[in-house]
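Student: Below is a structure I'd like to ask you about.
The values are calculated or read from the model by the stated rules, or taken from the named source; none is laboratory data. What you see is a predicted model, and the numbers here were worked out from it, not measured in a lab. Neighbour counts are summed over all protein chains in view; Cβ atoms, including those assigned to glycine, are modelled from backbone coordinates with ideal geometry. What goes into the accessible areas is simple: the full protein's heavy atoms, side chains included, and nothing from ligands, DNA or RNA. Shrake-Rupley method; radii C 1.70, N 1.55, O 1.52, S 1.80 Å.
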Amino acid sequence: MTPKLIKDLGMRYITETSKWKARFGLYECQYCGKEFEANVNKVKGGSSKSCGCQRGGVTHGLKHHRFYVIWGTLIQRCNNSKYKNYKNYGARGITVCDEWLDVKNFIIWCEATHPNIEGVSLDRIDNDGGYSPDNCRWVDRLTQSTNQRVRRDNKSGYKGIFSVTSGNSWVAQITYYKKIIYLGSFKTIEEAIFARDQYIIKHNLPHKLSTQY
């Protein structure tokens, strides 16, 4: 992959003191989406691959850091339209904060917050919010799975609430450890929401309440 050419800037001196000119272009960084200027030949030759946001990882040996892959994945899913999961992130408006575009800052945050136990992963507290220190946390797989947004085919607009018989009744349910717990069928959506939320509160489950979506 190479940066996307936005505009041909024409011939320029390579440096302020140089006697030689080269063709420059305005590019869009394939990693963070920022615009930058670069020598066209260097981009085509592969020596200029980003706006510089990748430089920290390479120069300081962070490319092999245990959190580097996580950082690379979230950058790709938010900024690379060709990435397999872009439609669920960047296309929805999910972004990476400016601070974390620099891998060094991301790794510093990870090292300060990671619980150093197996089975945890990076999770966004607000599924409609971006990747930033105030919207991210480390959670186990169960918590992350229960924090997923409402499915597109869910007509109710509420997690765990589904309409049946053309909307004449509403079903409330909860998925816990890959098992579906049926909570009943109700005449109104308000009753179904109340039943699900009360079950979560009563059993102290890690799920969000239906009213929190």
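Student: Inside the stretch 10-29, can you point out the residues that are under 33 Å from the mean Cα position of the chain (by Cα) and either over 24 Å from Val69 (Cα atoms) or assigned to a strand (DSSP E or B) (or both)?
Tutor: Answer for the stretch 10-29, where residues must be under 33 Å from the mean Cα position of the chain (by Cα) and either over 24 Å from Val69 (Cα atoms) or assigned to a strand (DSSP E or B) (or both): Phe24, Gly25, Leu26, Tyr27, Glu28.
Student: Another one. Restricting to the stretch 30-44, and then to whatever is in a loop (DSSP other than H, G, I, E, B) and either surrounded by fewer than 17 Cβ atoms within 10 Å (Cβ to Cβ) or among the hydrophobic types (A, V, I, L, M, F, W, C) (or both), can you tell me which residue is farthest from the chain's Cα centre (by Cα)?
Tutor: Taking the candidates together, the pick is Lys34.
Student: Look at Ile70 and say whether it is among the aliphatic types (A, V, I, L, M) and modelled with pLDDT of 90 or more.
Tutor: yes
Student: Looking for something buried (at least 16 other Cβ atoms within 10 Å of the Cβ), part of a helix (DSSP H, G or I) and at pLDDT 75 or above - is there at least one such residue anywhere in the stretch 167-189?
Tutor: Yes, the stretch 167-189 has at least one match.
Student: Right, another one. Scan the stretch 7-26 residue by residue and report those that are touching a Phe, Trp or Tyr at 6+ places or on another chain (Cβ under 6 Å) and surrounded by 12 or more Cβ atoms within 10 Å (Cβ to Cβ).
Tutor: Scanning the stretch 7-26 gives Leu9, Arg12, Ile14.
Student: Here's something else I'd like to know. Could you please tell me which pairs satisfy a Cβ distance under 9 Å, a separation of 6+ or placement on different chains, a first residue in the stretch 83-108 that is touching a residue at least 40 places away in the same chain (Cβ under 8 Å), and a second residue that is in a helix (DSSP H, G or I) and of a type in the set (Phe, Trp, Tyr)?
Tutor: Val96/Trp71; Val96/Phe106; Val103/Tyr68; Val103/Trp71; Ile107/Tyr68; Ile107/Trp71
Student: Hey, can you tell me all the residues within the stretch 44-66 that are farther than 17 Å from Lys34 by Cα, modelled with pLDDT of 65 or more and of a type in the set (A, V, I, L, M, F, W, C)?
Tutor: Leu62
Here's the yes/no breakdown for (1) assigned to a loop (DSSP other than H, G, I, E, B); (2) of a type outside the set (Ser, Thr, Tyr); (3) open to solvent by less than 30 Å² (accessible area, probe 1.4 Å):
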position	(1), (2), (3)
Tyr83	yes, no, no
Ile94	yes, yes, yes
Ile107	no, yes, yes
Asn116	yes, yes, no
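Student: Then there is this: Of the residues that make up the stretch 50-68, is at least one in contact (Cβ under 8 Å) with a residue 40 or more places away in the chain, open to solvent by 50 Å² or more (accessible area, probe 1.4 Å) and within 22 Å of the chain's Cα centre (by Cα)?
Tutor: Scanning the stretch 50-68, I find no residue that is in contact (Cβ under 8 Å) with a residue 40 or more places away in the chain, open to solvent by 50 Å² or more (accessible area, probe 1.4 Å) and within 22 Å of the chain's Cα centre (by Cα), so the answer is no.
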